[in-house]
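Below you'll find the structure, written out as structure tokens, and then a few comments.
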Amino acid sequence: MRLAATAGAALALPQLAAACGSSDGGGSGSGGVRDELKVGLLLELSGVYAVNGQDMRSGFELYLAEHGVQLGGRKVNLIVEDIGGDPSVGVQKATKLLRQEEVAVASGIVTSSVALAVRDLFDTGKVPLIISNAGANALTREKKSKYLFRTSFSNWQPNYSMGQWVYDNVAKDGVFAVSPDYVAGHEQTDAFKQAYTKAGGKLAGEVHPPFATTQDYQPFLSQIGKANPKAVYAFFSGGEAVTFVKQYAEFGLKDSVPLVGPGFTVEGVLKAQGDAALGVRSGLHYTILLDNPTNKRFVSAYRQKFSKDPTVFSVQSYDAAQLIDLALKKTSGETANQEAFAEALASVGEIDSPRGKFRLDATTHNPVQSFYVREVKKVGDGLGNVKIGDLGELADPG
Ligand code: PHB
């Protein structure tokens with residue numbers, strides 16, 4: 001895995017070296033030459049979600065590379081900051097981007113607790129933040145903002161959509177829920193429980209191992225085993241997903257107790273998980289195997305540029321760049337009028353994404369999008385999330 005370059009360093013795209021103009025984040029230059037557009041990326045490039053953060057960086061970079069390193073006709077100066085999944089580092093780096101760098105717009109953030117921590121800085125600074133992963137429900141509900149947008153999901157979405165499906169296809173009772181003990185972990189399993197119990201399902205129990213510090217899941221797996229469940233619904237991501245899914249198989253649960261969950265548990269980590277992931281069924285708004293022309297083109301361009309497969313994290317970040325581009329085309333590249341820029345972001349309409357076409361809800365600024373059931377199967381020489389069902393289009397209730 002490619003690790004973070006120096007935190008705070010400007011992106012080393014060759015074209016950027018040639019970019020000139022003042023460092024003012026907004027407005028246009030005088031004399032006919034547009035100033036560069038300063039864009040901040042807040043990413044987990046270290047810690048348990050480093051793989052997610054790296055994919056998000058690559059997705060954003062691919063969009064820029066495909067568009068001459070321009071958004072809305074302005075040359076982009078991309079400033080990447082490593083926030084390591086730590087809310088206090090997130091606040092420090094977001095403050096730097098806003099006060100020191102004076103970025104016109106920012107994107108990124110894997111972790112819900114970090115997104116919640118920086119939310120007010122962007123809201124009061126009136127600088128748009130395009131969250132390209134973190135799913136904290138509040139950011140689409142009581143803490144939504146004119147300046148907050150999401151090209152990813154609310155934690156509620158992929159999990160609520162799996163409740164009825166698990167009831168119909170996996171087990172009518174006896175499902176045990178497991179997720180890390182932080183805001184996103186709880187929101188993910190809670191949304192599943194809400195839909196599963198509404199369908200008539202009965203849970204066998206739940207457990208929440210400490211977030212970002214658990215390396216040995218054995219005590220939790222033994223608690224799960226003792227409950228004698230018919231299935232386990234698990235949310236983990238990044239490094240934690242690798243460890244959990246492998247230990248689930250090593251512990252001997254894999255063959256007797258089917259593992260299901262939101263797609264994150266088996267997204268971007270299949271190589272590291274290996275055969276331990278085979279058969280896992282999960283709900284998500286993307287799989288690399290989606291059969292649409294935009295996805296086919298995207299997957300091939302991404303493979304060519306990075307020599308690896310894209311993930312939902314790459315797509316969400318690619319679409320964040322696309323959203324900014326579409327909005328800036330409506331404002332002729334202007335960002336100085338922050339309200340007008342935010343209004344343009346809110347009204348871009350349909351986005352042609354590798355996930356399929358989607359739009360942002362007008363009041364929540366959260367994607368209205370289709371969800372799928374995937375199953376990890378052997379594909380070619382490796383493993384892939386093969387679509388096995390449609391869960392339909394779903395918007396967060398707001
Ligand atoms: C989150 O913290 O919101 C989060 C992190 C990783 C995921 C999904 C959601 O894969």
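Per residue, the convex hull spanned by the alpha carbons of region 23-134 comes to 83 Å³.
Extension gain for Asp291 to Thr213 (0.36 nm times residue separation, less C-alpha to C-alpha distance): 24.3 nm. Here the 3J(HN,Hα) profile of region 301-316, calculated from phi with Karplus coefficients 6.51, -1.76 and 1.60 at θ = phi - 60°, is 5, 5, 4, 5, 7, 10, 6, 8, 7, x, 9, 4, 5, 4, 5, 4 Hz, Gly and Pro shown as x. Counting only Cα atoms, the size of region 96-253 along its three principal axes is 54, 34, 18 Å, in decreasing order. Using R0 = 25 Å, the C-beta based FRET efficiency linking Lys329 and Arg359 works out to 0.95. Can you find, among Leu45, Gly263, Val105, the residue farthest towards the positive end of the dipole of the chain? Put +1 on the C-beta of Lys and Arg, -1 on that of Asp and Glu. The one lying farthest along the dipole's positive direction is Gly263.
Go through Lys126/Lys193; Lys38/Lys330; Lys202/Lys254; Lys93/Lys357 and tell me which ones have a Cα-Cα distance over 27 Å in this structure. Listed pairs above 27 Å: Lys126/Lys193; Lys93/Lys357.
Since only Val114, Tyr302, Tyr318 are under comparison, the one whose Cα sits farthest along the positive direction of the charge dipole of the chain, derived from C-beta charges on Lys, Arg, Asp and Glu, is Tyr302. Region 106-164 has equivalent-ellipsoid semi-axes of 21, 11, 9 Å, by the square roots of 5 times the alpha carbon gyration tensor eigenvalues, sorted largest first. Between Val89, Val379, Val166, which gets the highest mean-square fluctuation from a Gaussian network model of the chain, Cα cutoff 10 Å? Top of the fluctuation ranking is Val379. Quick check: Cα centre of region 315-340 to Cα centre of region 93-122, how many Å? Rounded to whole Å, the Cα centres lie 17 Å apart.
Taking amide H positions as modeled 1.01 Å from N, with prolines and chain starts lacking one, the residues under 5 Å from Val105 and 5 or more places away or on another chain are Gly40.
Under a 10 Å cutoff between Cα atoms, tell me which one of Glu240, Glu375, Glu66 has the largest fluctuation in the Gaussian network model of the chain. Result for the chain, Cα springs under 10 Å: Glu66 fluctuates most. Connecting C-alpha atoms closer than 10 Å in a GNM of the chain, tell me which of Glu61, Glu36, Glu339 has the biggest fluctuation. It is Glu339.
Diffusion coefficient (Stokes-Einstein, Kirkwood radius over C-alpha pairs, 4 °C, 1.567 mPa s) for region 277-398: 82 µm²/s, rounded to a whole number.
Put simply, the amide H of Thr111, placed in the peptide plane, has neighbours under 5 Å in Ala134, leaving out anything fewer than 5 places away on its chain. Residues in region 258-264 carry Karplus couplings, in order, of x, 9, 10, x, x, x, 4 Hz; the curve used is 6.51 cos²θ - 1.76 cosθ + 1.60 with θ = phi - 60°, and Gly or Pro positions show x.
Summing -39500 (n - 2.57) over the DSSP H runs of n ≥ 4 in the chain and dividing by its residue number, what mean residue ellipticity at 222 nm do you reach, to the nearest 500 deg cm²/dmol?
Working: 12 runs with 142 residues, N = 398.
For the chain, the value works out to -11000 deg cm²/dmol.
Give the residues of region 222-265 whose amide nitrogen is closer than 19 Å to a point set 7 Å from the Cα of Ala199 in the direction of its Cβ. Under 19 Å, as judged by backbone N against the label point of Ala199, lie 229-236, 257-265 of region 222-265. For the pair Leu278 and Ser88, label points projected 7 Å from Cα toward Cβ lie 4.6 nm apart. Starting from the exponent 0.38 and prefactor 2.2 Å, build the expected Rg for the chain from its residue count and divide its actual Cα Rg by it. Working it through for the chain, the quotient is 0.96. Would you compute the Debye intensity of region 132-182 from its alpha-carbon atoms alone, equal scatterers and no solvent, and pass along log10 I(q)/I(0) at q = 0.14 Å⁻¹ to two decimals? Debye intensities relative to I(0), on a log10 scale: -0.50.
Since every read-out is calculated from the coordinates, none of them should be taken as a lab result. Nothing here was measured: the structure is a model prediction, and the numbers come from that model. We place every Cβ from the backbone using ideal geometry, glycine too, and count neighbours over all the protein chains shown.
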